[in-house]
Amino acid sequence: MKMPALHVATYNIHKGFSQFNRRMMVHELRERLRHLNPDIVFLQEVQGLHLQHAENHADWPAAPQHEFLADEHWLDSAYGRNMIYDHGHHGNAILSRFPILHSHNQDVTHLHFEKRGLLHCRIQLPETVAHCVCVHLSLFGHSRRRQMEALADYLDREADPQAPLIIAGDFNDWRNRAGDQLARRLGLSEAFSCPRGIPARSFPAALPMFRLDRIYLRGFAVHRTEIHHGPPWSAISDHAALSAHLTRHAS
């Protein structure tokens, strides 16, 4: 017996600006996400506060970006503040059509100049609770490996090994090392890797060449995947958005 379908997406939104920070695109971003209409959205580089942008852009949202994006469309949202500076902060966010029962931002910083966190939410899906983790890993391979080990250690403590699990975000993992490391520890598969065995190309958004963004799953079957690149997506961020249509099989 199959459980109800679930549509998830991940997107590095580049703090609401187009590639090279040429234009503020947060309003276009909101419309595009609403048109895509996933049940759960994993977002990276979400601007929680930026006083200078608020002064320089008349249409800069008054609310933090995750609240602005979720408003009147997604029931619940959570934000994990990672990088903090004098004029604001940014981090990861999860928007959900279903209730977020609990959220926690786990610090996995390895290099002091590159603050990183893992935003973990327990989300009440129809007939089950899923663990959902939004990640944005280091630009450096050694740090990424340590962060993935920290992620596995954290989930070993916090989640039943049989519980449904989705980990999505910007892994910065162009050498495709994350799959083996996460699969070994957590029993995950990557949504785009079947049948080719390699994740999707997602960067740069205009003509993707590098495989940076991922959706890892446990307890779900993949029905269909999509890479959202080129216009209008490439005008919004430097990353493509990835989405997957899933079902969960009852035990």
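The values are calculated or read from the model by the stated rules, or taken from the named source; none is laboratory data. Here the structure is a predicted model, which is why all the values come from computation and not from measurement. Every residue, glycine as well, gets a Cβ built from its backbone with ideal geometry; the counts of neighbours run over all protein chains shown. In case anyone asks, the SASA skips ligands and DNA or RNA and just uses the protein heavy atoms, side chains included. Shrake-Rupley method; radii C 1.70, N 1.55, O 1.52, S 1.80 Å.
Here are some notes:
- Between the C-alpha center of segment 27-87 and that of segment 175-226 there is a gap of 25 Å.
- For the chain, the carbon plus sulfur part of the accessible surface works out to 50%, probe radius 1.4 Å.
- Normalised by 2.2 N^0.38 Å, where N is the number of residues, the C-alpha radius of gyration of segment 128-208 stands at 1.12.
- Solvent-accessible surface ranking, highest first, for 112, 27 at 1.4 angstrom: 112, 27
- Taking all protein chains together, 10, 225 sort by accessible area into 225, 10, largest first [probe 1.4 Å].
- Burial order of peptide ranges 145-151, 199-205, 90-96, 168-174 (average beta-carbon count within 10 Å, highest first): 90-96, 168-174, 199-205, 145-151
- Accessible area per residue, Å², the chain with all protein chains present, probe 1.4 Å: 46
- Note on segment 48-115: Rg/Rh from Cα positions, Kirkwood definition for Rh, rounded to two decimals, is 1.02.
- Accessible-area rank, largest first, for 69, 101: 101, 69, with all protein chains present and a 1.4 angstrom probe.
- Of the trypsin sites (Lys or Arg not before Pro) in segment 16-86, those whose Cβ has at most 14 other Cβ within 10 Å and which sit in DSSP loop: 22, 23
- GluC sites (Glu not before Pro) restricted to DSSP loop in segment 29-83 with at most 12 other C-beta within 10 Å: 72
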